[in-house]
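Just below is one structure, and these are the notes that go with it.
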Amino acid sequence: AVRPRVLSGIQPTADSFHLGNYLGALRQWVAMQDTHDAFYCVVDLHAITVEHDPAVLRRRTKVAVAQLLAMGLDPERATVFVQSHVPEHAELAWVLGCLTGFGEAGRMTQFKDKSSKQGTAGTTVGLFTYPILQAADILLYSPEPGEGARAVPGGVGGRPPTGERALRVPVGEDQRQHLELTRVLAQRFNHRFGETFVPPEAHILQGAAKITDLQEPEAKMSKSASSPQGIIDVLEEPGPMRKKIMRAVTDTGSEVVHDEEKKAGITNLLRIYAALDGTSIPDLERRYAGSGYGQFKKDLAQLVVDTFAPIRERTLALLDDEKQLDRVLALGAERASGVAARTMETVRDRVGF
Ligand code: ADP
Ligand code: NA
């Protein structure tokens, strides 16, 4: 069967992924390894766009990979790799950077947000060109005819109307502008140098839930913005995990009902429960009718602990066997390089190297 290709990346910028990462992206990555020709990378090159400590980055990269495997990514079914292990990412980023207008790059709203947080001294050129590296991450894996999808009759020369050379990228709202830039750069390159890249399509993740901060339920749960009490780490010990859920901010009422406006806290907890348990929110409302917040939170805490305890244990076991982890990463790098090297060969030739 023909499987469309999907490409996604995550930064190794924390010691653990969090509940939002898991329910909003990583759980779907695992599901998609069976329906897609999946390429998943830990984007360590992106992680140095802000000041970093080399030893910490090296550790976080390993921990990130271990967590992905512990969540169920299978290195035989999906290509799991570290971005810096495939030097073509940086090379293609340079070429694409030379096709990007300075003003065009300057319109990226995420840069404006991030640079205002970093201040003038902390704002690097790397942070500015971040979306161009992201475009390279994606376009390197443009499927060729016969690769990642069935061969296109007639070969190159225009995007097949059947979408068989599909290149899908899961994106949240905040990444849409970067994906659009990637599409523009793909088309620009193709127009100038000949058909090379497949412009990627935005892919809506099935069952992805947007999780909010446990202490500020109107704000997104985020590793950069949430306080320790507002965020649940995948690798957290069961004790603190339970406490955080029991202490999650709710309203002064007592009914477990979904109400985005008036009961943002309970609504977020219902979303987490439904996503982890597979029960619909209306069914949960019925189940907890009249029982108050206490029992609901207790059950949810158990559900979260039961979900993450095995992932935590597997992660620690994987980190204990560094040789095995390195073998997995070498396999991922080899597979990714196979595709990336072929793309770059074409790019170099077309650009005139
Ligand atoms: P953070 O926002 O904590 O910095 P990232 O931006 O690194 O996390 O996000 C990595 C992935 O996790 C992205 O696909 C993003 O959409 C998803 N994600 C992050 N936070 C949440 C959240 N609170 N709810 C749902 N998905 C999230
Ligand atoms: Na973010």
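Once backbone amide H atoms are built at 1.01 Å from N, GLY9 has CYS41 as its partners under 5 Å, excluding neighbours fewer than 5 places away on the same chain. Ordered from largest to smallest accessible area (heavy atoms of protein chains, 1.4 Å probe), the residues LYS210, LYS243 come out as LYS210, LYS243.
Axis of helix 322-351 versus longest Cα principal axis of the chain: the two differ by about 40°, to the nearest ten degrees.
For the chain, just say rounded, prolate or oblate: build the C-alpha gyration tensor, square-root its eigenvalues into a ≥ b ≥ c, call rounded for a/c under 1.5, and beyond that prolate if a/b exceeds b/c, oblate if not. The shape class here is prolate.
Dipole magnitude for region 79-119: computed about the Cα centre from +1 point charges on Lys and Arg Cβ and -1 point charges on Asp and Glu Cβ, it is near 280 debye.
For region 18-66 and region 247-313, compute the distance between their C-alpha centroids and round to whole Å. For region 18-66 versus region 247-313, the Cα centre distance is 27 Å.
Each residue of region 87-97 was assigned a 3J(HN,Hα) from its phi angle through the Karplus curve 6.51 cos²θ - 1.76 cosθ + 1.60 (θ = phi - 60°); the sequence is x, 4, 4, 5, 5, 5, 4, 5, 4, 5, x Hz, with glycine and proline shown as x. The C-alpha atoms of the chain define a longest principal axis, and helix 130-139 lies at about 70 degrees to it. Across region 198-353, Cα pairs under 8 Å and at least six residues apart give a relative contact order of 20 percent.
Cα gyration tensor of region 1-88, axes a ≥ b ≥ c as square roots of the eigenvalues: rounded (a/c below 1.5), prolate (a/b > b/c) or oblate? Here region 1-88 falls in the prolate category.
In straight-distance terms, cross-link reach from LYS298 covers every one of the lysines whose alpha-carbon lies under 17 Å from its own, apart from those fewer than eight places away in the same chain; here that gives LYS243, LYS244. Free of any GluC sites (Glu not before Pro) that DSSP assigns to a loop and that have at most 13 other C-beta atoms within 10 Å, the longest stretch within the chain is 77-217. The C-alpha radius of gyration of region 168-317, expressed as a fraction of 2.2 N^0.38 Å, stands at 1.34. The fraction of accessible area contributed by carbon and sulfur in region 34-156 is 58 percent, rounded to a whole number (1.4 Å probe; ligands and nucleic acids excluded). Amide H contacts of ALA38 (H built 1.01 Å from N, in plane; Pro and chain starts excluded): VAL6, THR79 sit under 5 Å, all sequence-distant by 5 or more or on other chains.
Each residue of region 236-245 was assigned a 3J(HN,Hα) from its phi angle through the Karplus curve 6.51 cos²θ - 1.76 cosθ + 1.60 (θ = phi - 60°); the sequence is 5, 6, x, x, x, 4, 4, 4, 4, 6 Hz, with glycine and proline shown as x. Summed over qualifying helices (DSSP H, 4 residues or more, each -39500 (n - 2.57)) and divided by its residue number, the chain shows a 222 nm mean residue ellipticity of -16000 deg cm²/dmol. The 3J(HN,Hα) values that the Karplus relation (6.51, -1.76, 1.60; θ = phi - 60°) gives for region 205-211 are, in residue order, 6, 5, x, 6, 10, 8, 9 Hz. Gly and Pro appear as x. The amide H of HIS203, built 1.01 Å from its N in the peptide plane, has VAL169, VAL171 as neighbours under 5 Å, considering only residues 5 or more places off or on other chains. In a simple Cβ point-charge model (Lys, Arg +1; Asp, Glu -1; nothing else charged), the chain has a dipole of about 280 debye relative to its Cα centre.
Between the listed residues PHE197, MET71, ALA341, the Cα displaced farthest toward the positive end of the dipole of the chain, a dipole computed from Cβ unit charges relative to the Cα centre, is found at PHE197. In the context of the full set of protein chains, residues of the chain present 47 Å² of accessible surface per residue (probe radius 1.4 Å, heavy atoms only).
The values are calculated or read from the model by the stated rules, or taken from the named source; none is laboratory data. If you're wondering where the values come from, they're calculated on a predicted model, not measured in any experiment. Methodologically, a virtual Cβ is constructed for each residue, glycine included, from the backbone with ideal geometry; neighbour enumeration extends over all protein chains shown. For accessibility, only protein heavy atoms count, side chains too; no ligands or nucleic acids. Shrake-Rupley method; radii C 1.70, N 1.55, O 1.52, S 1.80 Å.
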